[in-house]
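Trainee: Sharing a structure below in structure tokens format, with a few things to ask.
The values are calculated or read from the model by the stated rules, or taken from the named source; none is laboratory data. Since we're looking at a predicted model, the values are computed, not measured. Cβ atoms come from the backbone with ideal geometry, glycine included; neighbour counts cover every protein chain shown. These accessible areas exclude ligands, DNA and RNA; they are computed on the full protein's heavy atoms, side chains included. Shrake-Rupley method; radii C 1.70, N 1.55, O 1.52, S 1.80 Å.
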Amino acid sequence: QVQLVESGGGLVQAGGSLRLLCAASGRTFSSYHMGWFRQAPGKEREFVAAVTKSGGSTMLADSVKGRFTISRDNAKNTVYLQMNSPKPEDTAVYYCAGSQFYFGATSQHYAYWGQGTQVTVSS
């Protein structure tokens, strides 16, 4: 029942930084594991990062480890994706998603999705 809205996307130069935000409505945000996924044109949606309900644990795709950081602020009903040193291959539509029961990289486990925000990394 949670509604998710992403923001913060845009054009960024390689080596710069960008911070994505996902705002959730309602009073049950802390009941969901949250994840970030992305989809580039002609490609399948892929996992980027996930954070547990309390924010105590995180998971990152190998392709973004050391560069991206996921975090959440349950008091603000917001999850973040800090993108440092983005690369052109990071260009995609980024989606946030919520999972009621499972924490991980499998998109099938996430029942709630935002509309996506475009991130374009130029070289």
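Trainee: Against the definition (open to solvent by less than 40 Å² (accessible area, probe 1.4 Å), farther than 18 Å from Ser7 by Cβ, among the aliphatic types (A, V, I, L, M) and modelled with pLDDT of 95 or more), how does Ala92 come out, yes or no? Can you show your working first?
Mentor: Details: open to solvent by less than 40 Å² (accessible area, probe 1.4 Å): yes; farther than 18 Å from Ser7 by Cβ: no; among the aliphatic types (A, V, I, L, M): yes; modelled with pLDDT of 95 or more: yes.
Judged against the criteria, Ala92 is not a match.
Trainee: Quick check on the range 95-123: of everything there that is of a type in the set (Ser, Thr, Tyr) and open to solvent by 60 Å² or more (accessible area, probe 1.4 Å), which residue is nearest to Gly9 (Cα to Cα)?
Mentor: If we filter the range 95-123 for residues that are of a type in the set (Ser, Thr, Tyr), which is where we start, we get 95, 99, 102, 106-107, 110, 112, 117, 120, 122-123.
Restricting the remaining residues to those that are open to solvent by 60 Å² or more (accessible area, probe 1.4 Å) gives 102, 106, 112, 123.
Numbers: Tyr102: 27, Thr106: 23, Tyr112: 20, Ser123: 17 Å.
Filtering the range 95-123 for residues that are of a type in the set (Ser, Thr, Tyr) and open to solvent by 60 Å² or more (accessible area, probe 1.4 Å), the one nearest to Gly9 (Cα to Cα) comes out as Ser123.
Trainee: Another question, then. I'd like the full set of residues that are over 17 Å from Ser30 (Cα atoms) and without any contact (Cβ under 8 Å) to a residue 40 or more places away in the chain, limited to the range 59-88.
Mentor: Leu60, Asp62, Ser63, Val64, Lys65, Gly66, Arg67, Phe68, Thr69
Trainee: Please return the ranges of strands (runs of 3 or more DSSP E) entirely within the range 1-66 where 1 or more residues are open to solvent by 30 Å² or more (accessible area, probe 1.4 Å) and either polar (S, T, N, Q) or within 18 Å of Thr78 (Cβ to Cβ) (or both).
Mentor: Values: elements: 4-7, 10-13, 17-24, 33-39, 46-51, 58-60.
Correct list: 4-7, 10-13, 17-24, 33-39, 58-60.
Trainee: Residue by residue through the range 32-53, note down the ones that are β-branched (Val, Ile, Thr) and in contact (Cβ under 8 Å) with a residue 40 or more places away in the chain.
Mentor: The first filter runs over the range 32-53 and keeps only residues β-branched (Val, Ile, Thr), leaving 48, 51-52.
The answer is Val48, Thr52.
Trainee: Further, regarding this structure: Just to verify a result, which residue in the range 70-94, among those that are part of a strand (DSSP E or B) and among the charged types (D, E, K, R), is farthest from the chain's Cα centre (by Cα)?
Mentor: Per the criteria, the residue is Asp73.
Trainee: Report every pair of residues separated by at least 6 positions or lying on different chains whose Cβ atoms are under 9 Å apart, first residue within the range 14-31 and at positive phi, second open to solvent by less than 50 Å² (accessible area, probe 1.4 Å) and not in a strand (DSSP E or B).
Mentor: Close Cβ pairs (under 9 Å, with a partner that is open to solvent by less than 50 Å² (accessible area, probe 1.4 Å) and not in a strand (DSSP E or B)) amount to Gly15/Pro86; Gly26/Val2; Gly26/Asn77.
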